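For reference, the structure is listed below as structure tokens.
The values are calculated or read from the model by the stated rules, or taken from the named source; none is laboratory data. Being a predicted model, the structure only gives us computed values, none of them experimental. Please note: Cβ atoms are built from the backbone with ideal geometry, for glycine as well, and neighbour counts cover all protein chains shown.
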């Protein structure tokens, strides 16, 4: 038996590595936090009935959990569409709240009359934006969590430190939702990449947009809060 035939026999008898997806609960918990913050927002910042958007987001989240509970390892076009729809609704909601809050800050709406209400609304909108962008990064990088689990996309859209400088024990490392959540919050506070480098054009432009939104929210809130307190 030749060496190539022997290698083929060994490959046939060796068990395939088990595909283990990341847990669903970190992503679900982040969505729940975003929904709760939406409910806590002042009426002047909300859009439409206060229960409508949280209900829609909750239904999409429940559908995802039912379709692929526990760990995210099922490749399904329906689940992919539901996941993208949830991220799109969260992001559109966060951006709408941001626009309404900025309008209140510029025109002096009811939200800006009290420093406490202003800080509550500002923090809620800022955190909601960061969660929405983190979910967007998580959902689009490398085709999404399911494809990353099955290693279906050889080219990633973000480069994490574990991938740039692989060390022993981290050879099979894959980014999880917490890594994208960290990316979202550090990008919103540093206004630039920290340890995660965007590689694809869409990733660079999205991080740029998030930084601009974050600095606008923080700058206007701080300036308005100082005026109210003084």
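Here are some notes:
- On the stretch given as the range 136-145, residues that are under 8 Å from the mean Cα position of the chain (by Cα) and surrounded by fewer than 23 Cβ atoms within 10 Å (Cβ to Cβ) total 2.
- Lone qualifier among 141, 104 - being in contact with a strand residue (DSSP E or B) (Cβ under 6 Å, 6 or more places away or on another chain), part of a helix (DSSP H, G or I), more than 22 Å from residue 58 (Cα to Cα) and in contact (Cβ under 8 Å) with a residue 12 or more places away in the chain: 141
- Only one of the numbered conditions (1) surrounded by fewer than 18 Cβ atoms within 10 Å (Cβ to Cβ); (2) on the phi < 0 side of the Ramachandran plot; (3) at pLDDT below 90 is not met by residue 65, and that is (3).
- Residue check for residue 133: modelled with pLDDT of 85 or more, under 16 Å from the mean Cα position of the chain (by Cα) and surrounded by fewer than 24 Cβ atoms within 10 Å (Cβ to Cβ): no
- The set of residues in the range 160-175 that are in a helix (DSSP H, G or I) and at pLDDT 90 or above is empty.
- Any hit, the range 104-115, residues being modelled with pLDDT of 85 or more, under 21 Å from residue 223 (Cα atoms) and more than 20 Å from the chain's Cα centre (by Cα): no
- A search for C-beta distances below 7 Å between a residue of the range 41-67 that is in a helix (DSSP H, G or I) and any residue that is modelled with pLDDT under 85 and exposed (fewer than 15 other Cβ atoms within 10 Å of the Cβ), counting only pairs 6+ apart in sequence or on different chains, returns 67/76.
- Residue within the range 78-98 that is farther than 30 Å from residue 24 by Cβ and surrounded by fewer than 18 Cβ atoms within 10 Å (Cβ to Cβ) present: no
- Boolean, residue 111 is surrounded by 20 or more Cβ atoms within 10 Å (Cβ to Cβ) and on the phi < 0 side of the Ramachandran plot: yes
- Yes/no for residue 3 being modelled with pLDDT of 90 or more and more than 23 Å from residue 150 (Cβ to Cβ): no
- If the condition is being surrounded by 15 or more Cβ atoms within 10 Å (Cβ to Cβ) and in a helix (DSSP H, G or I), then the range 146-159 contributes 146, 148, 149.
- Residue that is farthest from residue 143 (Cα to Cα), among those in the range 176-221 that are at pLDDT 90 or above and assigned to a loop (DSSP other than H, G, I, E, B): 196
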